[in-house]
Amino acid sequence: MKLSICTDVFSKIPLTVVTDNDGNAEAVRKRYEKYTGLVTLCVESDNTLNTLEPSVLAANLDTFESFKSIIYLGKDIESRDPDSIKSFMIGNKTDWSMRVFTSEKKINYPSYILKAIGIDSENVGDRDE
């Protein structure tokens, strides 16, 4: 009886799960199959982008110089390539995310993140610098 009450309650509340794919998006989808109809699953489809950091970086490769100037404040910024910025992001999760949050410049977000907040990534234009 408890399970049916929970199912009744949660079936009336929209629930979105945003998760890394950990290198296997299909396995993540299968893990959440039993919640079809109850949960909207938002996961990166590209298995090479296994966590948030590489996904955000990939979404910003077209504007990499601007992106790295937001998240990386080191004096060696000119020598930083995408791989070194990804390593920085993975090792400094709070630092780079707070820099994005407090920056007046905008970044691009992965489509699965946009889906989670109800934005159709197909209708997102170029960002304002």
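The values are calculated or read from the model by the stated rules, or taken from the named source; none is laboratory data. As the structure is a computational prediction, the values presented were derived from the model and not from experiment. FYI the Cβ positions are ideal-geometry reconstructions off the backbone, even for glycines, and counts take in every protein chain you see.
For the range 31-44, a residue qualifies if it is modelled with pLDDT under 95, of a type in the set (A, V, I, L, M) and under 20 Å from the mean Cα position of the chain (by Cα), and exactly one does: Val39. For the range 89-104, residues that are in a helix (DSSP H, G or I), over 14 Å from the mean Cα position of the chain (by Cα) and surrounded by 15 or more Cβ atoms within 10 Å (Cβ to Cβ) total 1.
Consider the range 53-85 and keep the residues that are of a type outside the set (Gly, Ala, Ser), in contact (Cβ under 8 Å) with a residue 24 or more places away in the chain and in contact with a Pro (Cβ under 8 Å, 6 or more places away or on another chain). The one that is farthest from Ala27 (Cα to Cα) is Leu57. Across the range 1-30, the number of residues qualifying as surrounded by 12 or more Cβ atoms within 10 Å (Cβ to Cβ), at pLDDT below 95 and part of a helix (DSSP H, G or I) comes to 1.
When residues in the range 31-45 are screened for being hydroxyl-bearing (Ser, Thr, Tyr), loosely packed, with under 15 Cβ neighbours inside 10 Å and assigned to a helix (DSSP H, G or I), 1 of them pass. Leu114 meets the stated requirement of being free of Cβ contacts under 8 Å to residues at least 12 places away in the same chain and surrounded by 15 or more Cβ atoms within 10 Å (Cβ to Cβ).
The set of residues in the range 46-88 being over 13 Å from the mean Cα position of the chain (by Cα), of a type in the set (A, V, I, L, M, F, W, C) and assigned to a helix (DSSP H, G or I) consists of Leu61, Phe64, Phe67, Ile70, Ile71, Ile77, Ile85, Phe88.
I'm trying to understand the selection: among the residues of the range 54-67, which are closer than 19 Å to Ile113 by Cβ and not hydroxyl-bearing (Ser, Thr, Tyr)?
Pro54, Val56, Leu57, Ala58, Ala59, Asn60, Leu61, Asp62, Phe64, Phe67
Applying a threshold of 9 Å to beta carbon distances and a minimum spacing of six or more residues, or different chains, the list of pairs starting in the range 12-24 at a residue that is in contact (Cβ under 8 Å) with a residue 12 or more places away in the chain and more than 11 Å from Gly37 (Cα to Cα) and ending at one that is surrounded by fewer than 11 Cβ atoms within 10 Å (Cβ to Cβ) and hydroxyl-bearing (Ser, Thr, Tyr) reads Gly23/Thr48. Tallying residues that are in contact with a Lys or Arg (Cβ under 9 Å, 6 or more places away or on another chain) and closer than 20 Å to Lys93 by Cβ within the range 28-57 yields 6.
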